[in-house]
Amino acid sequence: TALINSPEKSGSLHVDSKGLSRFVPQPAVDKNIEDAVTHPSDKVATAPVDSSAAPQVIDILMGYSRAGVDRAGGDANADALAKVEYVNLNLRNSLVTNVSFKLAGIQIVEPNYLVSVKTLSELPVIFAEGMANYHPDVIYGNFGTLEPGGAVGWAYTGGRTALGVSHSHDTFAHELGH
């Protein structure tokens, strides 16, 4: 799995053990849709960024529906590792050296869920087994179906849960930014 991000083409390239390749383009994004939600019980505190602070490693659980795995190229492990490294590369390129993400674990569930605010609120229940096994700081849901007229991803501002359509590494990075 390789993530391609150029002005001409953006998406993921998947090559199987027989050398057969398949390109999955990034989804079209409607930038007019607000995709951040305030969690009803979260209180967000802000503080100045201290670049000399001790390094912080954020453990992330990557949850997938079976349809999400298929839409992301068929290999949840490769997709999750590529997305986490993509975010870490973006952080390094932005000269953020004291924050990084680490893949804590992966959980795959059979039912598919819509990429929606409702599903965002249900992530801790959908991926309860992964949360119990890996104790992540952040949960990200990768699903295969968008809500009609909805965003390609959603996140709680300052929260620990986010989700998106599984074949978009840009959406993953964007939602983690919330």
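Values computed for the structure shown
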read-out: Hey, residue 113 under 13 Å from the mean Cα position of the chain (by Cα) and surrounded by 15 or more Cβ atoms within 10 Å (Cβ to Cβ) or not; value: no
read-out: Pair list, Cβ < 8 Å and 6+ apart or interchain, from region 109-123 residues that are in contact (Cβ under 8 Å) with a residue 40 or more places away in the chain and among the polar types (S, T, N, Q) to residues that are in a loop (DSSP other than H, G, I, E, B) and crowded, with 18+ Cβ neighbours inside 10 Å; value: 112/144; 119/113
read-out: Residue 102 vs. criteria touching a helix residue (DSSP H, G or I) at 6+ places or on another chain (Cβ under 8 Å), open to solvent by 60 Å² or more (accessible area, probe 1.4 Å) and outside any loop (DSSP other than H, G, I, E, B); value: yes
read-out: Residue 94 being surrounded by fewer than 21 Cβ atoms within 10 Å (Cβ to Cβ), of a type outside the set (Phe, Trp, Tyr), closer than 19 Å to residue 171 by Cβ and out of contact with any Gly (no Cβ under 7 Å at 6 or more places or on another chain); value: yes
read-out: Of residues in region 53-80 being open to solvent by 70 Å² or more (accessible area, probe 1.4 Å) and in contact (Cβ under 8 Å) with a residue 40 or more places away in the chain, the one nearest to residue 129 (Cα to Cα); value: 66
read-out: The one condition in (1) of a type in the set (Phe, Trp, Tyr); (2) modelled with pLDDT of 95 or more; (3) open to solvent by 20 Å² or more (accessible area, probe 1.4 Å) that residue 86 fails to fulfil; value: (2)
read-out: Out of 103, 95, 176, sole residue that is more than 20 Å from residue 25 (Cβ to Cβ) and in contact (Cβ under 8 Å) with a residue 60 or more places away in the chain; value: 176
read-out: Qualifying residue in region 124-144 (condition: part of a helix (DSSP H, G or I), of a type in the set (S, T, N, Q) and touching a strand residue (DSSP E or B) at 6+ places or on another chain (Cβ under 7 Å)); value: yes
read-out: Residue check for residue 130: at pLDDT below 90 and open to solvent by less than 30 Å² (accessible area, probe 1.4 Å); value: no
read-out: Identity of the residue in region 145-155, open to solvent by less than 60 Å² (accessible area, probe 1.4 Å) and in a loop (DSSP other than H, G, I, E, B), that ends up farthest from residue 79 (Cα to Cα); value: 150
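One line per residue, one yes/no per condition, for (1) polar (S, T, N, Q); (2) within 29 Å of residue 15 (Cβ to Cβ):
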position: 66; (1), (2): no, yes
position: 72; (1), (2): no, yes
position: 75; (1), (2): no, yes
position: 84; (1), (2): no, yes
position: 89; (1), (2): no, yes
position: 121; (1), (2): yes, no
position: 148; (1), (2): no, no
position: 161; (1), (2): yes, no
position: 165; (1), (2): no, yes
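The values are calculated or read from the model by the stated rules, or taken from the named source; none is laboratory data. Only a predicted model underlies this, so the values are computations on that prediction, with no experimental measurement involved. Backbone-built Cβ (ideal geometry, glycine too); neighbour counts: all protein chains shown. For the accessible areas, the whole protein counts, side chains as well, though only heavy atoms, and no ligand, DNA or RNA atoms are used. Shrake-Rupley method; radii C 1.70, N 1.55, O 1.52, S 1.80 Å.
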